[in-house]
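A.B. asks: Dropping the structure in here first, questions after.
The values are calculated or read from the model by the stated rules, or taken from the named source; none is laboratory data. Every value quoted in this text rests on a predicted model; they were computed, and no experiment measured them. Every residue, glycine as well, gets a Cβ built from its backbone with ideal geometry; the counts of neighbours run over all protein chains shown.
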Amino acid sequence: MKKFITIMLAACAVGLASGAWAEEAAKPAAAEMAAVTEAGPAAAPEAAPAAEAAPAEAAPAPTLSKADNAWVMVCAALVVLMCIPGLALFYGGLVRTKNMLSVLMQVFVTFALISVLWAVYGYSVAFTEGNEFIGGFSKMFLAGITPDSLGATFSKGIYTTEFAFVAFQGAFAAITCGLIVGAFAERMKFAAVLLFMVIWFSFSYLPMAHMVWYWAGPDAYTSAEAAATAGATAGYLFQHGALDFAGGTVVHINAAVAGLVGAYMVGKRVGYGKDSMAPHSLTLTMIGASLLWVGWFGFNAGSALEAGGVASLAFVTTLLATAMATLSWMAAEWVFKGKPSMLGAASGAVAGLVAITPAAGFVGVSGALAIGLLAGVVCLWGVNGLKKLLGADDSLDVFGVHGVGGILGAILTGVFAAPSLGGSGIWDYVGNKVADGYDIVGQVIIQATGVGITVVLSGVVAFIAFKIVDILIGLRVPEDEEREGLDVTSHGETAYHG
């Protein structure tokens with residue numbers, strides 16, 4: 001109970017202390033476009049030179065699209081499916097029998113914890129106007145949001161309800177934190193996991209979401225002058241043209257770096273490299289991977305915020321990149337290890353899902369297949385060769401799959417988004433057309449900058465967060481409890497009987 005109270009007090013303290021992030025306290029709600037999200041069919045308007053000559057136009061009257069609203073809510077539910085039960089079962093099957101429930105518990109409760117924090121202050125900090133790096137506090141506890149509140153899509157005049165957007169983005173935040181669990185599975189205190197999540201979510205996830213996805217919405221881009229004014233209120237990476245359709249930087253790289261730092265700071269499992277630590281149920285892992293694949297359509301296609309052509313494109317690219325990565329991982333493993341494995345196929349699928357995430361609505365079919373092909377092979381190296389080089393006990397290869405796959409996908413988005421390679425290019429919202437002169441090299445540099453900022457921010461915040469947690473309650477369970485298993489020693493339960 002003392003640990004629980006400590007965690008809750010820390011959560012409140014973080015929510016209040018984070019006021020120092022914003023240059024100003026809450027901005028007037030009337031000065032904001034409602035909720036807005038990923039640089040789906042849009043990119044930073046500054047990248048569109050054609051905007052200079054475009055005439056001003058009146059913004060269309062906001063219209064609620066019931067079909068798009070229903071699509072976003074369904075996709076939010078699919079993202080929940082990805083995490084619980086998808087991610088929980090995928091991770092649970094990979095650990096030893098004695099730690100199965102502990103992993104399920106960590107993923108399940110992390111999802112619940114972050115969902116609550118999202119409503120308390122997370123949504124407001126990520127998706128209201130503040131400065132380039134963090135938002136404000138005008139919508140704490142979702143203040144001012146009603147069933148009639150509208151959230152912008154990527155089409156002028158077309159809106160969904162803001163509540164639907166809140167739920168969709170909240171599921172993103174929760175699953176991102178859940179991903180981190182796999183890096184230090186089987187040896188970290190349950191209370192330590194929860195306290196770390198509170199701190200890291202507040203100081204790493206929320207700034208990244210704001211920097212990449214916050215903008216004023218398409219209706220603000222009526223002329224070159226209006227675009228310049230609106231662009232100045234957007235997040236730092238959005239202003240600089242970074243493309244991240246559904247979370248390559250915000251979700252996967254962000255979580256993977258935190259997980260890798262945790263693997264180092266918590267230390268290796270007792271018996272690591274000596275005792276067998278084989279997955280206890282690849283059946284459950286395969287079921288979890290399959291649920292992830294299904295739920296990921298909501299994750300990627302839902303990021304279009306509309307049930308239209310871009311959502312269809314993201315759906316197809318997600319399907320094909322994942323299938324190709326499954327085959328490429330399996331084939332490479334077959335060549336180098338002599339046999340294709342179920343674990344390899346499932347891992348390849350997840351690698352493909354991760355790599356296509358930032359690119360899903362920007363690349364064409366050929367780009368998706370190329371990304372999937374490379375993701376399977378490169379992430380296989382990530383969980384074998386790179387893991388040995390790093391020397392960390394990343395229990396469930398969070399960095400090898402989500403970090404390596406996320407970095408690969410983010411960089412390749414800059415390549416395959418080019419119209420000359422079948423991509424969608426960059427949309428000019430003032431001219432209402434695809435901007436001319438897509439620069440692959442320039443865009444790749446922008447993508448790499450986004451990756452670098454994510455790695456540094458997440459790494460620094462994770463290091464500080466783990467240090468704080470270690471000082472307050474300690475990171476690791478005692479060795480005798482680790483040997484017995486966290487299911488019994490931490491939760492008083494076992495996954496299987498008889």
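A.B. asks: I need every pair where a residue in segment 232-257 that is over 12 Å from Trp213 (Cβ atoms) has its Cβ under 8 Å from the Cβ of a residue that is modelled with pLDDT of 95 or more and among the aromatic types (Phe, Trp, Tyr), sequence separation at least 6 or different chains.
C.D. replies: Going by the 8 Å Cβ cut-off, the qualifying pairs are Thr233/Trp215; Asn254/Tyr205; Ala256/Phe399; Val257/Phe399.
A.B. asks: Is there a residue in segment 185-197 that is small (Gly, Ala, Ser) and over 21 Å from the mean Cα position of the chain (by Cα)?
C.D. replies: Of all residues in segment 185-197, those small (Gly, Ala, Ser) come to 185, 191-192.
Next, from what is left, pick out any that are over 21 Å from the mean Cα position of the chain (by Cα): 191-192.
Yes; the residues of segment 185-197 include at least one that is small (Gly, Ala, Ser) and over 21 Å from the mean Cα position of the chain (by Cα).
A.B. asks: State whether the residues of segment 191-214 include one that is crowded, with 24+ Cβ neighbours inside 10 Å, over 19 Å from Gly450 (Cα atoms), in contact with a strand residue (DSSP E or B) (Cβ under 8 Å, 6 or more places away or on another chain) and of a type outside the set (Lys, Arg).
C.D. replies: There is no residue in segment 191-214 that is crowded, with 24+ Cβ neighbours inside 10 Å, over 19 Å from Gly450 (Cα atoms), in contact with a strand residue (DSSP E or B) (Cβ under 8 Å, 6 or more places away or on another chain) and of a type outside the set (Lys, Arg).
A.B. asks: Something else now. If I ask for residues that are surrounded by fewer than 24 Cβ atoms within 10 Å (Cβ to Cβ) and small (Gly, Ala, Ser), which ones from segment 228-262 would you list?
C.D. replies: First, pick out the residues of segment 228-262 that are surrounded by fewer than 24 Cβ atoms within 10 Å (Cβ to Cβ): 228-233, 236, 239-241.
Residues satisfying the conditions are Ala228, Ala230, Gly231, Ala232, Gly241.
A.B. asks: What about Ala392, is it outside any helix (DSSP H, G or I), farther than 20 Å from Ala370 by Cα and at pLDDT 95 or above?
C.D. replies: Answer is yes for this residue.
A.B. asks: In addition: Are there any pairs with C-beta distances below 8 angstrom linking a residue in segment 392-416 that is on the phi > 0 side of the Ramachandran plot to a residue that is assigned to a helix (DSSP H, G or I) and surrounded by 24 or more Cβ atoms within 10 Å (Cβ to Cβ), with the two at least 6 apart or on different chains, and if so which?
C.D. replies: Pairs found: Asp397/Gly182; Asp397/Ser347; Asp397/Gly382.
A.B. asks: Is there a residue being more than 21 Å from Phe111 (Cα to Cα), over 19 Å from the mean Cα position of the chain (by Cα) and buried (at least 19 other Cβ atoms within 10 Å of the Cβ) anywhere in segment 282-295?
C.D. replies: No, because not a single residue in segment 282-295 is more than 21 Å from Phe111 (Cα to Cα), over 19 Å from the mean Cα position of the chain (by Cα) and buried (at least 19 other Cβ atoms within 10 Å of the Cβ).
A.B. asks: Further question: Within segment 75-110, take every residue that is among the polar types (S, T, N, Q) and farther than 13 Å from Ala171 by Cα and give me the one that is surrounded by the fewest Cβ atoms within 10 Å (Cβ to Cβ). Can you show your working first?
C.D. replies: At the first step, the residues of segment 75-110 found to be among the polar types (S, T, N, Q) are 97, 99, 102, 106, 110.
After this cut, where a residue has to be farther than 13 Å from Ala171 by Cα as well, the list is 97, 99, 102, 106.
Details: Thr97: 14, Asn99: 26, Ser102: 28, Gln106: 28.
Taking the candidates together, the pick is Thr97.
A.B. asks: Something else about it: How many residues, within segment 330-377, are closer than 18 Å to Pro279 by Cα and either buried (at least 24 other Cβ atoms within 10 Å of the Cβ) or touching a residue at least 60 places away in the same chain (Cβ under 8 Å) (or both)?
C.D. replies: Going through segment 330-377 one residue at a time, the tally reaches 7.
A.B. asks: Is it the case, given these coordinates, that Met140 is modelled with pLDDT of 95 or more, surrounded by fewer than 24 Cβ atoms within 10 Å (Cβ to Cβ) and under 27 Å from Phe297 (Cα atoms)? Even if it seems obvious, please write down each step before you answer.
C.D. replies: Details: modelled with pLDDT of 95 or more: yes; surrounded by fewer than 24 Cβ atoms within 10 Å (Cβ to Cβ): yes; under 27 Å from Phe297 (Cα atoms): no.
It is false that Met140 is modelled with pLDDT of 95 or more, surrounded by fewer than 24 Cβ atoms within 10 Å (Cβ to Cβ) and under 27 Å from Phe297 (Cα atoms).
A.B. asks: For the structure I just gave you, tell me whether Gly422 is of a type outside the set (Val, Ile, Thr) and on the phi > 0 side of the Ramachandran plot. I'd like the intermediate steps shown before the answer.
C.D. replies: On the way: of a type outside the set (Val, Ile, Thr): yes; on the phi > 0 side of the Ramachandran plot: yes.
Answer is yes for this residue.
A.B. asks: If you go through segment 111-120 one residue at a time, do you hit one that is at pLDDT 95 or above, among the aromatic types (Phe, Trp, Tyr), surrounded by fewer than 24 Cβ atoms within 10 Å (Cβ to Cβ) and out of contact with any Gly (no Cβ under 8 Å at 6 or more places or on another chain)?
C.D. replies: no
A.B. asks: Please give the number of the condition Val460 fails out of (1) closer than 24 Å to Thr318 by Cα; (2) out of contact with any strand residue (DSSP E or B) (no Cβ under 9 Å at 6 or more places or on another chain).
C.D. replies: Condition not satisfied by Val460: (1).
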